[in-house]
Amino acid sequence: MSDAPIRAEKVTKVFGGLTAVDGVDLELRRGEVAAVIGPNGAGKTTLFNMLTGLYRPTSGRIRLGERDITRARPDQITALGVARTFQNIRLFPTMTARQNVMIGRHSRMKAGVFGSIFRPPWVNREEREAEERAGEELKFVGLKADLLDRTTASLSYGDQRRVEIARALASDPHVLLLDEPTAGMDPRESAELAGFVLKVRDERKLSILLIEHDMKVVMGISDRVTVLDHGELIAEGDPAAVRQDPKVIEAYLGRSAA
Amino acid sequence: MSAALGKIKGFDQRFLVIAAILFAILLPFFFDRGSSFMDDAVLALAYVVMALGLNVIVGFAGLLDLGYVAFFAIGAYTMGWLGSTFYSQANGGEGVHLLVTGAAANLPGIHVNFLLVLVGAIILTTIAGVIIGLPTLRLRGDYIAIVTLAFGEIIGQVAANGDQVRIGGIWDKTLGALPLIPDLGSEATLTRGKLGISPVDKIDLPFVDPFTSLDIRSWYFVALGLVLIVLFVNVRLRDSRLGRAWVALREDEVAAISMGIPTVKTKLMAYGTGAALGGMSGAFLGSYLNTVNASQFEFIFSIFILAMVILGGLGSVWGVVIGAILLSFVNSWLIPDVLNGLPGQLGLDFDLTQVSFAIFGFILVIVMILRPEGLIPERSRKQEMHGIGTGDRAGAGSDVELGEAR
């Protein structure tokens, strides 16, 4: 057994007649940045949704370390230390940036109905700590201090991305899944984000799996790349080798180019 | 600059709240102890408690509940069962008396102190809230409404036909055989249908004379006390980990569950809490109205309470208070006492009370057109209603279809 923080073993997901992911093996190694790439509809996000528990695989297993999380609920998986962002940012639009990040702390907090009503000292402390932590995370991702208490709907696209990453980091993950973090960014912003991903990995001792379309980002920061096409894994390995793989070129550019 | 403004605003709000509470405490001293205004005021306060309870479910957690009357019924029946001569054969006809004084202490039937009844009502309605919550967990929006509506109807039917359900035999063989739990006698039924359990024990508090129906002032203060408790619960829950989680679930369930919010547990907490508050009010009303009667528990009552919440502003604690007081007074004073003769004066052959729910519907339509977020909107609802921020989500390709998420 390797000590992969998260691993998919022969996972398959079938929607009706469509096999979105077909027997894919994927392993994220400790401390690495790995990328999943592939054309639109290749099954990348479906794979992410299985890793985080939003979808239950039709067959195959998902392991978190030694633990089988195939049938675990998303909130349980988050509590076990897996956090994610979404391709089309999914913040809570009417909440402030700070409140959004405090939601990320939810699984590390305990107050229930009675705790919330009667507010014993430990609840106040927990709440204060969550608020401070939210501020720290937002500072870490580079959100300007005067935007902390603005509703996220009123933030710019780039800032929303930052808040979403801060929200994921607030849950104390050891595995971070980023679904197209540079979508909609210009080249300069993308390069900035790529640098930031490495910084997060190093400072937080995280293992990061990302779905990415921007090849510059993928080649620049990934230790390993996995390529999906039509739900199947067609190549895997270090970025330079994958780029030369005729099957990958074919998947992206069509048969004639290969 | 904006921080300073916020401070002034916060101060203003605190001042307003204190002023409103003082006003509510002093108000009864300007009216006769038995006046009809006091009667209307007590009803209004009881409805405020219910509306604030429903606000937890519909306003905070965004779960459209059309069967809230069920919790009124269960709370009221708890009062009826534990505070009347209804089970007159209980304990071999000698009755059961627990911490009661006054007339009730010598009557047959089960008579339990109001505070204990309140606790019992809270426990029973919380359980009922969780039971109604369970089947709706996989549902969304309109479908939740349908299931809760059905649940309200079921409870209403059980109340109406409960006079045919003899629980005495089974009860005495099982629970009645246990120590401390009285037997009920073989004639005992579940409810008394449309005849109603009546009279119901008056509220009996320690250090205070037992209440009477002539002195409404003391009822008023108990109702006000319940309102203050429920207000406190609402405000505390709103500004807590749980309150945040409810907003998150309401706005984006997939994101919420992915951020570690357990949907099942969090939603059930909303149902349970909201139900418990409705049960408190139900027990109070059972005693105050002096009858627990199946005709009180009809669908229209759920809509009445929901209308208060919507009128005031979904999720807005102070808005809901205002909404409940307004609609309650429209119902118990404006329509029957002030405007009732209006159709007659116009040469029409009906009383306004006959169409009171049409009037409520009309009020709601007007509110929806002019001020869809309610009279005193909650901040985030206001944004939702005016399309700020949520528009993007509806249009964008979704990562996850909700039917698939679990």
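General observations
- Cα gyration tensor shape of chain A, rounded if a/c is under 1.5, else prolate or oblate by comparing a/b with b/c: prolate
- Between segment A:119-151 and segment B:5-74, the alpha-carbon center distance in angstrom: 32
- Buried area at the A-B interface (accessible, heavy atoms, 1.4 Å probe, summed, Å²): 3900
- Taking only Cα atoms of segment B:10-124, radius of gyration then Dmax in Å: 18.8, 60
- In chain B, the alpha-carbon atoms span a convex hull of 181 Å³ per residue.
- Translational diffusion coefficient (Stokes-Einstein; Kirkwood radius from C-alpha pairs) of segment A:26-179 at 37 °C, 0.692 mPa s, in µm²/s: 196
- Å² per residue, accessible surface of the protein assembly as shown at 1.4 Å: 44
- Pairs of alpha carbons in the protein assembly as shown whose separation is greater than 44 Å (percent): 35
- Ligands, DNA and RNA left out, the accessible area of the protein assembly as shown computed with a 1.4 Å probe is 61% carbon and sulfur.
- Here is the P(r) of segment B:190-306: all C-alpha pair distances, binned every 5 Å from 0, give 2, 9, 14, 16, 15, 14, 11, 8, 6, 4, 1, 0 in whole percents.
- Within chain B, percent of DSSP bridges classed antiparallel, to nearest 5: 60
- If you plug the beta carbon distance of B:Phe232 and B:Phe30 into 1/(1 + (r/R0)^6) with R0 = 30 Å, you get a FRET efficiency near 0.70.
- Per-residue mean of foreign Cβ neighbours for A:44-55 is 3 (Cβ atoms of other chains, 10 Å radius).
- With R₀ set to 35 Å, the beta-carbon distance separating B:Leu214 from B:Leu115 gives a calculated FRET efficiency near 0.95.
- Angle in degrees between helix B:241-251 and the longest Cα principal axis of chain B, rounded to the nearest 10: 60
- For segment A:203-258 versus segment A:1-58, the gap between their alpha-carbon centres in whole angstrom: 14
- Between segment B:115-166 and segment B:178-255, the alpha-carbon center distance in angstrom: 15
- Within straight-line reach of A:Lys13, meaning a Cα separation under 19 Å, sit the following aspartates and glutamates at least 8 residues removed in sequence or on another chain: A:Asp22, A:Asp25, A:Glu27, A:Asp68, A:Asp179, A:Asp229, A:Glu232, B:Asp399, B:Glu401, B:Glu404.
- Measuring max minus min along each principal axis, the C-alpha atoms of segment A:94-170 give extents of 38, 22, 20 Å (largest first).
- Potential lengthening of the chain between B:Asp163 and B:Met368 amounts to 69.7 nm, from the contour at 0.36 nm per residue minus the alpha-carbon distance.
- By average C-beta atoms within 10 angstrom, highest first, the peptides B:252-260, B:91-99, B:129-137: B:252-260, B:129-137, B:91-99
The values are calculated or read from the model by the stated rules, or taken from the named source; none is laboratory data. As the structure is a computational prediction, the values presented were derived from the model and not from experiment. Don't worry about glycine lacking a Cβ; one is built from the backbone with ideal geometry, like all the others, and counts go over all protein chains shown. We work out accessible area using only protein heavy atoms, side chains counted, and drop any ligands, DNA or RNA first. Shrake-Rupley method; radii C 1.70, N 1.55, O 1.52, S 1.80 Å.
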